[in-house]
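Note sheet for the following structure.
The values are calculated or read from the model by the stated rules, or taken from the named source; none is laboratory data. Since the structure is predicted, the reported quantities are computational estimates derived from the model, not experimental observations. Ideal geometry is used to build each Cβ from the backbone, glycine not excepted, and the neighbour counts take in all protein chains shown. Note: areas computed on protein heavy atoms with side chains; ligands, DNA, RNA excluded. Shrake-Rupley method; radii C 1.70, N 1.55, O 1.52, S 1.80 Å.
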Amino acid sequence: MKFNIVVLAKQVPDTKNVGKDAMKADGTVNRAALPAIFNPEDLNALEQALRIKDKFPGTTVSLLSMGPVRAAEVLREGLYRGADKGYLLSGREFAGSDSLATSYALSCAIRKMGKVDMIICGRQAIDGDTAQTGPQVAEKLGFPQITYAEEIVDVTEKTITVKRRVERGVEVLKGKLPMLVTVNGTAAPCRPRNAKRVMKYKYAKTASELQAVGTDYMEFYEEHDYLHLVEWGANDIEHDPKWLGLSGSPTKVKGIENVVFTAKESKKLTADDAEIEGMIKELIANHTIG
Amino acid sequence: MNNLIVYLEIEDGIVADVSLELLTKGRTLADELKCNLEAVAIGYQLDKIGEQVFPYGVDMLYLADDKRLSPYTTLPHASVLVNLFKEIKPQIAFMGATSVGRDLGPRVSSALFSGLTADCTALEIGTYEDRKARKTYENLLYQIRPAFGGNIVATIVNPDCRPQMATVREGVMKKEIRDPNHKGTVKKLDVSKYVSDEDFVMEVIERHMEKSKLNIKGAPIIVAGGYGMGSAENFKMLFDLADTLGGEVGASRAAVDAGFVEHERQIGQTGVTVRPKLYIACGISGQIQHIAGMQESSMIIAINNDANAPINTIADYVITGNVEEVVPKMIKYYRKNSK
Ligand SMILES: Cc1cc2nc3c(=O)[nH]c(=O)nc-3n(C[C@H](O)[C@H](O)[C@H](O)COP(=O)(O)OP(=O)(O)OC[C@H]3O[C@@H](n4cnc5c(N)ncnc54)[C@H](O)[C@@H]3O)c2cc1C
Ligand SMILES: Nc1ncnc2c1ncn2[C@@H]1O[C@H](COP(=O)(O)O)[C@@H](O)[C@H]1O
């Protein structure tokens, strides 16, 4: 038994290190100004896919990412950790996509990838925390979905069993393949890079990246198929242009505001005993406590 | 036609708080838009749903009552909503930003090509000017949420697509009965017209749902700890203070991520929203995502060894000092002065 698994991986700005120039005037994200990382929950998703491949060795795990040229970094990172192939969907037609336009583009690319048994993605991306792309891709492809997965417990030729963790408990669901699964951060962490694979895939490149390197490299690249990261633009996928990019995005950003809190008149105290006791007495007197 | 509708989340026959909160907000917005407030319940044995939601001002309640619709699975609930929305064309639809709403919402919005904004912290009605198309839209839903790692709040609109959909976390909106005697209309849907047999592909093999043991949202006093507490061990003094004052312990995401306390205690944009009588922030710096979940507390005490911590700007009492020193003193002087 072997499966075709697509893992959706997004390159995201590291929101822990966001600066003030993070947003452009039109309300979209200025990605160039930020350090970029592999969306954390997409690594959990990749691990679930690799575990299926461990069990069923003929399985193919393909990573698909939509983003700018530099998003090829996440594809290489995935190859280092055990994925088989990388696909990048890139081009200005996709710019300004909200989650619906993103899902449409991803679903068109997946259709082109042939028969797929499972799509595994992260529950949500840390730049927006929307958690919408997975279910929307599933809907576009007519796949059922299991969200908030913590573990893919079992797969057979026709079925998949998944344990999911939600706010108040756990649920085990069994459904038919093909299936889309979104994976929680509470799932098993992704295995680390494998040194041999790093050596092997270090020079894997997309067509755009290839243009930037010297011709000496060309011959070597041509001879080694595994170094080819597939890069598709809008013209490579079957699509209706009105569903792509800004025109395919029903949500518009009306405005953004910096948050300024109106400072309160506060009482300033130190850890001094008399001051703490004074405060407690005030709080008791005005019935806040006691 | 073109009303505002709320998807009711139901567990064991009880409508979830988050749905009642959305009805409360929805009632106000529907008044402003001069349209009806509607609700839809999908599940099994829904006879008692009406009496739970009518006091919140629901004009029309749709019931999709069928044994196969409980417990929740994605496809049949999505089919009911998609087909119902095609029929009644609501202008606005709300769901809780729970694991159910966040599973269902995107699926429905994709099928209808309507936009969806997750985790809104405020919802308002207003106008929108599309400068490029030179078009002005009246009475759009402003979907307001903190975006992008904080520091900014974005207002999102869906000018052309309907329904305008949004999810909101539990506790963000207030829950308030409109009129205890209000009675709306019930309309039972012929479920077989809304779902197909293929929708029932998912088998629920096991299900353990627990009632939440913690009631942080309802606590009048919250003692919240942040990364500055340093350890799970140090959090014990916060439990002592909370016990002494009759409150609950909350935490920042950094404290939860560090494993000091369980995730259920997280307060903020991705945790619960609280508005207690008294909020004591101990070793919390006060980033926007945290403040989003507690700024409406009636009184705020900030204990921080950094006199310039952002939390201090919204605090009523700013205590500049170490938590290890201040918290035990608060316990001591409360015991001494209370009777
Ligand atoms: C999409 C997104 C969603 C998020 N959602 C949430 C959310 O829901 N809730 C949330 O809380 N955060 C959330 N965050 C994270 C948030 O941005 C902050 O990282 C987090 O709130 C910081 O927690 P903290 O204040 O405990 O830690 P820190 O920022 O590290 O602050 C620790 C504070 O403790 C003080 N301190 C240290 N030692 C002592 C001592 N001995 N005595 C007194 N004071 C001391 C320090 O001066 C400092 O001010 C989110 C972030 C993102 C990107
Ligand atoms: N541009 C993208 N390329 C590839 N996968 C994506 C992209 N955007 C979202 N995803 C996938 O969808 C999940 C949810 O993203 P979001 O809806 O943005 O929170 C992510 O964890 C990814 O697995």
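Exactly which trypsin sites (Lys or Arg not before Pro) in the stretch B:43-79 are in a DSSP loop and have at most 13 other Cβ atoms within 10 Å?
Sparse-neighbourhood loop trypsin sites (Lys or Arg not before Pro): B:LYS48.
If I compute solvent accessible area with a 1.4 Å probe over the protein chains, what percent of it on the stretch B:106-226 is carbon and sulfur?
45
Here are some pairs, A:LYS112/A:LYS205; A:LYS2/B:LYS67; A:LYS176/A:LYS205; which of them have Cα atoms lying more than 32 Å apart in this structure? Don't jump to the answer; show the numbers that get you there.
Working: A:LYS112/A:LYS205 20 Å; A:LYS2/B:LYS67 37 Å; A:LYS176/A:LYS205 36 Å.
Listed pairs above 32 Å: A:LYS2/B:LYS67; A:LYS176/A:LYS205.
I need the helices of chain A that pass two filters: whole DSSP H segments spanning 15 Å or more by Cα along the axis, and mean Kyte-Doolittle score no lower than -0.5.
Working: long enough: A:40-55 (24 Å, -0.96); A:99-112 (20 Å, 0.51); A:273-285 (18 Å, 0.35).
Result, helices passing both filters: A:99-112, A:273-285.
Taking the Cα centroid of the stretch A:182-254 and of the stretch B:310-333, what is the distance between the two, rounded to the nearest whole Å?
51
What angle do you read, to the nearest 10 degrees and between 0 and 90, between the alpha-carbon axis of helix B:17-33 and the longest principal axis of chain B?
Its long axis makes an angle of about 60 degrees.
Output the 0 to 90 degree angle, nearest 10, between the alpha-carbon long axis of helix B:323-337 and the longest principal axis computed from the alpha carbons of chain B.
That works out to roughly 90 degrees.
Could you give the dipole magnitude of the protein assembly as shown about its Cα centre, charging the beta-carbon of Lys and Arg +1 and that of Asp and Glu -1, in debye to the nearest 20?
Working: 78 positive and 82 negative charges, 41 e Å.
So the dipole magnitude of the protein assembly as shown works out to roughly 200 debye.
As an exercise, identify the trypsin sites (Lys or Arg not before Pro) in the stretch A:112-198 lying in DSSP coil whose Cβ has no more than 11 other Cβ atoms within 10 Å.
Numbers: sites: A:LYS112, A:LYS115, A:ARG123, A:LYS140, A:LYS158, A:LYS163, A:ARG164, A:ARG165, A:ARG168, A:LYS174, A:LYS176, A:ARG193, A:LYS196, A:ARG197; in loops: A:LYS115, A:ARG123, A:LYS158, A:ARG168, A:ARG193.
Filter output for the stretch A:112-198: A:LYS115, A:LYS158.
Counting only protein heavy atoms and rolling a 1.4 Å probe, how much accessible area do A and B lose on contact, total for both sides, in Å² to 100?
Protein heavy atoms only, the A-B interface buries about 6800 Å².
With label points built 7 Å along Cα→Cβ from the Cα atoms of B:LYS48 and A:MET199, find their separation and express it in nm.
6.8
Take every Cα-Cα distance within chain A, group them into 10 Å bins from 0 onward, and report for each bin the whole-number percent of pairs it holds.
All Cα pairs, binned at 10 Å, distribute as 6, 24, 30, 19, 9, 7, 5, 1, 0 percent.
Calculate the dipole size of chain B relative to its Cα centre from +1 charges on Lys and Arg beta carbons and -1 charges on Asp and Glu beta carbons; express the result in debye to the nearest 20. Intermediate results must be reported in sequence, preceding the final value.
Values: 38 positive and 43 negative charges, 147 e Å.
Rounded to the nearest 20 debye, it is 700 debye.
If you take every residue apart from A:GLN145 with its C-beta less than 10 Å away from the C-beta of A:GLN145, what net charge results, scoring Lys and Arg +1 and Asp and Glu -1?
-1
Please give me, ordered by residue number, the chymotrypsin sites (Phe, Trp or Tyr not before Pro) of the stretch A:198-290 that lie in loop per DSSP and have at most 13 other Cβ atoms within 10 Å.
Details: sites: A:TYR201, A:TYR203, A:TYR217, A:PHE220, A:TYR221, A:TYR226, A:TRP232, A:TRP243, A:PHE261; in loops: A:TYR203, A:PHE261.
Listed in order of number, the matching sites are A:PHE261.
Between B:LEU61, B:LEU141, B:LEU46, find the one with the highest GNM mean-square fluctuation for chain B; connect C-alpha pairs within less than 10 Å.
Checking each option, the largest mean-square fluctuation is seen for B:LEU46.
Over the alpha carbons of the stretch B:1-118, what is the largest minus smallest coordinate on each principal axis, giving the biggest first in Å?
37, 33, 24
Taking the DSSP beta bridges in the protein assembly as shown as the whole, what percent of them are antiparallel, to the nearest 5?
35
Averaged across A:157-168, how many Cβ atoms of other chains sit within 10 Å of each residue's Cβ atom?
Per residue, the number of nearby Cβ atoms from other chains is 3 on average.
Decide, for the stretch B:85-230, between rounded, prolate and oblate: order the square roots of the alpha carbon gyration tensor eigenvalues as a ≥ b ≥ c, take rounded if a/c falls under 1.5, and otherwise choose prolate if a/b is larger than b/c, else oblate.
Numbers: a/c = 1.56, a/b = 1.07, b/c = 1.45.
The shape class here is oblate.
What does the structure give for B:323-335 when I average, per residue, the other chain Cβ atoms found within 10 Å of the residue Cβ?
4
Partner chain Cβ atoms within 10 Å, averaged over the residues of B:93-102 - can you pull that number for me?
3
Compute the acute angle (0 to 90°) between the alpha-carbon long axis of helix B:101-112 and the principal axis of greatest extent of the alpha-carbon atoms of chain B; round to the nearest 10°.
So the inclination is approximately 40 degrees.
Which is the longest stretch in chain A that no exposed loop site breaks, taking sites as GluC sites (Glu not before Pro) with a DSSP loop state and at most 16 other Cβ atoms within 10 Å?
Result, exposed sites excluded: A:1-156.
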